[in-house]
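What follows is a set of notes on a single structure, which appears directly below.
The values are calculated or read from the model by the stated rules, or taken from the named source; none is laboratory data. Because the structure is predicted, anything quoted here is derived from the model rather than measured. Note that we place each Cβ from the backbone using ideal geometry, even for glycine, and neighbour counts take in every protein chain shown.
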Amino acid sequence: MQLQSEPTYNEFVLKFANVNGSGSASANLLCAKALFRMGLPVAPKNIFPSNIQGMPTWYEIRVSEAGHLARREGVDVMVAMNPQSYAQDVAEIVTGGTLIYDSSWPREFDRSDIQVVGIPIARLCAEMFTDLRQRQLFKNIVYLGAVAELLGIDAQVVEELISEQFTAKPQLIKPNLKSLKAGQDYIRENPGNGLQMRARKAKCNDGKILIGGNEAAGLGALYAGATVAAWYPITPSTSVAEAFEKHAGKLRRDADGNLMAAVIQAEDELSAAGMVIGASWNGARAFTATSGPGISLMSEFIGLAYFAEIPLVIFDIQRGGPSTGMPTRTQQSDVLTCAYASHGDTRHVLLFPSDPGECFTMAADSFDLAERLQTPVFMVSDLDIGMNEWIVDELQWDDSYQIDRGKVLDAEALEAVSEFNRYRDVDGDGIPYRTIPGTHPEKGAFFTRGTSHTESGGYTEDGVMNAANLARINTKFETAKQLVPAPVFCEISANTGLGIINFGSTEPAVKEALDILKREGHGLNHMRLRSFPFADSVREFVERHDYVFVVEQNRDAQMRHLLIVEAELPAEKLVAVTNYDGLPLTSNFIRESVHERMESDQRVAAASAPPITPVKKA
């Protein structure tokens, strides 16, 4: 295949096809980090199976100097290291793209419209290493060296990254650099394999960092003053607790070096929730991290925290469901589960971060909200944000930040009141006053109760009193509207009758789709939801448009359902755009969905138009 005379720079999708458990993940991440350090915007996506090893796994890196960070269909450069998935991998390559494969065992590929570059990777490793495990592991670094040479990735940057990665194991630096050079040398010694897609240095990442959402959430919890994390391992949330523990080990120690935090792995999710409720009741800032199945198991304790009015912070990193579902794929399928978790009448505060930067800030917001409202607060992220690296602005923290404990009475305040009623609303916002156990030696202000109770916390079976209590708690939900993060609004045109609403990790795809649609002459106003309960501006946005597309990654259009029920919006105005294949959303999917609706409207308008009566000539 003949290449065009001029290569395309800094706009391509590079994909690695590997076998799970082969050690490829670290090499692929090194590639993404090297491109980032060259100043290029990158969007890495790790697509991996739920077993330990042996199944196909993929790692995509979209490079876009234009700043598009959503996943994109079609692959420009495919590094195919797994014969089991060759057919699928080759089919994904766009016309004019390149296939790179291990030619230690030559093979024919039925594509005349792509460039095929064979590199004898296994043979090169066999010549360098005698240990079978080393031969397997260092194949990943050999292909990294070859890809770096072919794409023009700065070799010095890759070498620096390798040295940094193995600082704790310096004996591994030399063989890694040796393997990297082997891949580079093979390409240099076998000219004629220039790629159409190339990378060159840019200056797009000044003030930016590359970080995953779970890492950012764990760090945000630490900065917010959390001292207790109780959790049970579940993909894709495990690394939230791990990040908190790692950073607490560095940042949360007293003058004598003692760790001032507790990280507890419980026997199950229900126990983890109970531990967090107990710690919060005792005055600690505590949280748990889980995913959909864990929310299901925690639901009884979530109801306890809601009715007993104890702060509870839950990081829900969503995955595919129901049941075990697709535990290593992304979805936004816990929206309704979290909004109404537990039995009886409950409604919970939800925060929807759209990237790791917001995972950091909203983690801190969650603790303040939970304490101010004395209720469970969910930060609802997903696998795409949580476990993939995203480019965001450097995390910022206000050192003057003060923990907002809400309505907590100290001993002096308790002494000043003749009678303390734990569940009485004295301010009209639905939020009672509370205190921490041990605050006062005599007044039992720490009493709390999960059964129906009086204003003082005493037991009661009085249905009227219980109904009044439930109504008061519901008032807190209205109060929350003034406290939660407001939606982000972007007006494209004051004259358009079309709008689009999204939340969470769909943001990069929606923004790119809106740019494409605008170039095509279709302006859509845009609103990104950041929280539930919904602000009044959400209703106003929908009311002034003919109809609004609601983009989400689940089958049943759960956010659309919530908008209809909670914001009392007309269903006919809300058009569901749903994707639930477990992969990060693409702009093309959104664009096609919008076009399909527009074309449908045009067909309806044409069918309902009055017939044209021909005019007879005299």
Quick check: anything in region 207-218 among the acidic types (Asp, Glu), assigned by TED's automatic domain parsing to the domain that holds Arg37 and either in contact (Cβ under 8 Å) with a residue 24 or more places away in the chain or assigned to a helix (DSSP H, G or I) (or both)?
-> no
Only one residue in Ser280, Ser271, Ser291, Ser296 is touching a residue at least 40 places away in the same chain (Cβ under 8 Å), surrounded by 24 or more Cβ atoms within 10 Å (Cβ to Cβ) and hydroxyl-bearing (Ser, Thr, Tyr), so which one is that?
-> Ser291
Quick one: Gln115 ticks every box in (1) surrounded by fewer than 17 Cβ atoms within 10 Å (Cβ to Cβ); (2) farther than 27 Å from Ile173 by Cα except a single one, so which number is it?
-> (1)
In region 401-427, what residues are in a loop (DSSP other than H, G, I, E, B), among the small types (Gly, Ala, Ser) and touching a residue at least 24 places away in the same chain (Cβ under 8 Å)?
-> Gly406
Output the residue which, of all residues in region 507-542 that are of a type in the set (Gly, Ala, Ser) and within 17 Å of His68 (Cβ to Cβ), is nearest to the chain's Cα centre (by Cα).
-> Ala509
Tally, over region 567-593, of residues that are of a type in the set (A, V, I, L, M, F, W, C), part of a helix (DSSP H, G or I) and over 24 Å from the mean Cα position of the chain (by Cα) = 1
Search region 393-430 for residues being over 27 Å from Ile209 (Cβ atoms) and β-branched (Val, Ile, Thr), and hand back the single one that is nearest to the chain's Cα centre (by Cα).
-> Val408
(1) in the same structural domain as Met362 (by TED's automatic domain parsing); (2) surrounded by fewer than 20 Cβ atoms within 10 Å (Cβ to Cβ); (3) among the hydroxyl-bearing types (Ser, Thr, Tyr): which one isn't true of Ser237, the others all being true?
-> (2)
Would you point out the residue of region 438-455, among those that are surrounded by fewer than 15 Cβ atoms within 10 Å (Cβ to Cβ) and either assigned by TED's automatic domain parsing to the domain that holds Ile302 or farther than 20 Å from Tyr306 by Cβ (or both), that is modelled with the lowest pLDDT?
-> Gly444
Check every one of the strands (runs of 3 or more DSSP E) wholly within region 467-548 and list those with 3 or more residues that are surrounded by 16 or more Cβ atoms within 10 Å (Cβ to Cβ).
-> 498-503, 525-529
Residues in region 554-566 that are in a loop (DSSP other than H, G, I, E, B) and either more than 15 Å from Asn502 (Cβ to Cβ) or touching an Asp or Glu at 6+ places or on another chain (Cβ under 6 Å) (or both): how many?
-> 2
Hey, Met78 over 22 Å from Ala202 (Cα atoms) and crowded, with 17+ Cβ neighbours inside 10 Å or not | yes
Please go through region 7-21 and pick out each residue that is more than 19 Å from Leu40 (Cβ to Cβ), surrounded by fewer than 24 Cβ atoms within 10 Å (Cβ to Cβ) and either in contact with a strand residue (DSSP E or B) (Cβ under 6 Å, 6 or more places away or on another chain) or not assigned by TED's automatic domain parsing to the domain that holds Tyr86 (or both).
-> Asn20
What are the residue pairs meeting all of these: first residue in region 366-383, first residue closer than 7 Å to Val313 by Cα, second residue acidic (Asp, Glu), Cβ atoms under 7 Å, and 6 or more apart or on different chains?
-> Phe378/Asp316
Is it true that some residue in region 136-149 is crowded, with 17+ Cβ neighbours inside 10 Å, over 36 Å from the mean Cα position of the chain (by Cα) and not hydroxyl-bearing (Ser, Thr, Tyr)?
-> no
Which ranges mark the strands (runs of 3 or more DSSP E) fully within region 1-118 that have 3 or more residues being more than 19 Å from Tyr143 (Cβ to Cβ) and either β-branched (Val, Ile, Thr) or touching a residue at least 12 places away in the same chain (Cβ under 8 Å) (or both)?
-> 93-102
Pick from Gly521, Gly450, Gly457: which is out of contact with any Ser or Thr (no Cβ under 9 Å at 6 or more places or on another chain) and on the phi > 0 side of the Ramachandran plot?
-> Gly521
Residue by residue through region 25-71, note down the ones that are of a type in the set (D, E, K, R) and closer than 16 Å to Lys15 by Cβ.
-> Lys45, Glu60, Arg62, Arg71
Within region 252-293, can you find the residues that are in a loop (DSSP other than H, G, I, E, B) and within 27 Å of the chain's Cα centre (by Cα)?
-> Arg252, Ala261, Ala266, Glu267, Asp268, Ala284, Arg285, Ser291
If Ile153 passes every condition in (1) assigned to a helix (DSSP H, G or I); (2) closer than 15 Å to Ala27 by Cβ but one, which one does it miss?
-> (1)
Could you please let me know if Gly430 is in contact with a helix residue (DSSP H, G or I) (Cβ under 8 Å, 6 or more places away or on another chain), in contact (Cβ under 8 Å) with a residue 60 or more places away in the chain and part of a loop (DSSP other than H, G, I, E, B)?
-> no
